[in-house]
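The values are calculated or read from the model by the stated rules, or taken from the named source; none is laboratory data. Keep in mind the model is a prediction, meaning the values are calculated, not measured. No Cβ is skipped: glycine too gets one built from the backbone with ideal geometry, and neighbour counts run over all protein chains shown.
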Amino acid sequence: MVTRCLAVPVGIVEADKAFIGGHDKKGHDDKAIILGMVERDGDVIARVIPDRKDITITPIISEHVYPGSRIATDAATAFMNLAASVTAMRA
């Protein structure tokens, strides 16, 4: 499978997590965690992820964003350890 990348090396990509879903028939939380990456004035990549940990999120962002691009995120701890190859911008 070919990996699609967002942003040219000087571009800006916004990344965030979202919870989609509700409760199952037994009342248990049944939400999926989605990681979304949006290139400003460009494409969107969204992935279902198993958890919110930085060890899960960082490789996905690194796979889909060109080295040297700037990443705009919130202050969530999952985004604190982005690779040195991207420049993190905190909201």
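A few notes on this one:
- The range 17-68, subset touching a residue at least 40 places away in the same chain (Cβ under 8 Å) and part of a strand (DSSP E or B), residue nearest to MET80 (Cα to Cα): LYS17
- Only residues that are over 12 Å from LEU6 (Cβ atoms) and surrounded by 15 or more Cβ atoms within 10 Å (Cβ to Cβ) were counted in the range 57-69, giving 2.
- Residue check, GLY11 at pLDDT below 85 and either at negative phi or touching a Cys at 6+ places or on another chain (Cβ under 9 Å) (or both): yes
- Just one of the listed residues (GLY27, GLY42, GLY22) is surrounded by 11 or more Cβ atoms within 10 Å (Cβ to Cβ), more than 17 Å from PHE79 (Cβ to Cβ) and at pLDDT below 90, namely GLY42.
- Test: THR73 is of a type outside the set (A, V, I, L, M) and more than 13 Å from ASP16 (Cβ to Cβ): no
- One residue alone among ALA88, ALA84, ALA78, ALA72 is modelled with pLDDT under 90, part of a helix (DSSP H, G or I) and either within 13 Å of the chain's Cα centre (by Cα) or exposed (fewer than 12 other Cβ atoms within 10 Å of the Cβ) (or both), and that residue is ALA78.
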